[in-house]
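Following: one structure in structure tokens, then a few remarks.
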Amino acid sequence: DVKVTQSSRYLVKRTGEKVFLECVQDMDHENMFWYRQDPGLGLRLIYFSYDVKMKEKGDIPEGYSVSREKKERFSLILESASTNQTSMYLCASRIDRGNSPLHFGNGTRLTVT
Amino acid sequence: AQSVTQPDIHITVSEGASLELRCNYSYGATPYLFWYVQSPGQGLQLLLKYFSGDTLVQGIKGFEAEFKRSQSSFNLRKPSVHWSDAAEYFCAVVGSYNTDKLIFGTGTRLQVFP
């Protein structure tokens, strides 16, 4: 089974802090994704990556950046956290592009105070 | 642009009753369609997917979905709901304009009464 591991289940950070959310997958998947999930809005794509050192903006990239230095790890960075970034963050991976399904981690609930 | 609509925000059913969750998509050609389930405190798990061929697809946990091109729908069904099916359900589509992006609906929360 594919395992996608997000390093923290819960995080509480202060406004203005730099925040790192880490995600690791163990199946040599090419593609990795970061979504945020908010009630009534479903999942919205922040950034995704086709391969190491490659990244593409999703639908809501503002205020975020990403890093993919190794194939198995995809980090989401909040350069200066704000209260409107309080949300559930979900990482996902899939084997390659196209119609292969996504495999999700259990999520990180981030609260910015 | 591709989009997915789940018109029901919240559905309540009794255990043992049948279930149908609605999903409508907007896309010109044949889409790739998925249903995911999210249990409380968990990530999303794939229930089933449709790419081509037989329009009735079977998934895990006794779920099935039917692709109807004429109605742009991909509704999820289960003949007899169990209390453990209480969760949030998401429909998603991948379009060929950009096959890298999976577009999700806003979800339907299912509550099951004993």
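Annotations for the structure displayed:
- Subset of segment A:44-69 [assigned to a loop (DSSP other than H, G, I, E, B), more than 14 Å from every other protein chain (Cβ to nearest Cβ) and in contact with a strand residue (DSSP E or B) (Cβ under 8 Å, 6 or more places away or on another chain)]: A:Val52, A:Lys53, A:Gly63
- Residue count, segment A:8-21 (criterion: within 14 Å of chain B (Cβ to nearest Cβ) and open to solvent by 20 Å² or more (accessible area, probe 1.4 Å)): 3
- Scope segment B:26-39; condition part of a loop (DSSP other than H, G, I, E, B) and either among the small types (Gly, Ala, Ser) or in contact with a strand residue (DSSP E or B) (Cβ under 7 Å, 6 or more places away or on another chain) (or both); matching residues: B:Tyr27, B:Gly28, B:Ala29, B:Pro31, B:Ser39
- Scanning segment A:41-57 for residues that are farther than 25 Å from B:Ser3 by Cα and either buried (at least 21 other Cβ atoms within 10 Å of the Cβ) or in contact (Cβ under 8 Å) with a residue 40 or more places away in the chain (or both) yields no hits at all.
- Taken together, the residues in segment A:18-54 that are within 30 Å of A:Thr113 (Cβ to Cβ) and not hydroxyl-bearing (Ser, Thr, Tyr) amount to 22.
- Condition check for B:Glu20: touching a Lys or Arg at 6+ places or on another chain (Cβ under 6 Å), part of a strand (DSSP E or B), modelled with pLDDT of 90 or more and surrounded by 13 or more Cβ atoms within 10 Å (Cβ to Cβ): yes
- B:Thr30 falls short of the stated requirement of being open to solvent by less than 10 Å² (accessible area, probe 1.4 Å) and among the hydroxyl-bearing types (Ser, Thr, Tyr).
- Members of segment B:35-93 found to be out of contact with any Asp or Glu (no Cβ under 8 Å at 6 or more places or on another chain), away from chain A (no Cβ under 14 Å), surrounded by fewer than 12 Cβ atoms within 10 Å (Cβ to Cβ) and within 22 Å of A:Leu102 (Cβ to Cβ), listed by number: none
- Residue in segment A:22-40 that is surrounded by fewer than 20 Cβ atoms within 10 Å (Cβ to Cβ), within 12 Å of chain B (Cβ to nearest Cβ) and over 17 Å from B:Ile103 (Cα atoms) present: yes
The values are calculated or read from the model by the stated rules, or taken from the named source; none is laboratory data. None of these values were measured; they are calculated from a predicted model. Cβ atoms come from the backbone with ideal geometry, glycine included; neighbour counts cover every protein chain shown. Ligands, DNA and RNA are stripped out before the accessible areas are found, and what is left, the full protein with its side chains, is counted by its heavy atoms. Shrake-Rupley method; radii C 1.70, N 1.55, O 1.52, S 1.80 Å.
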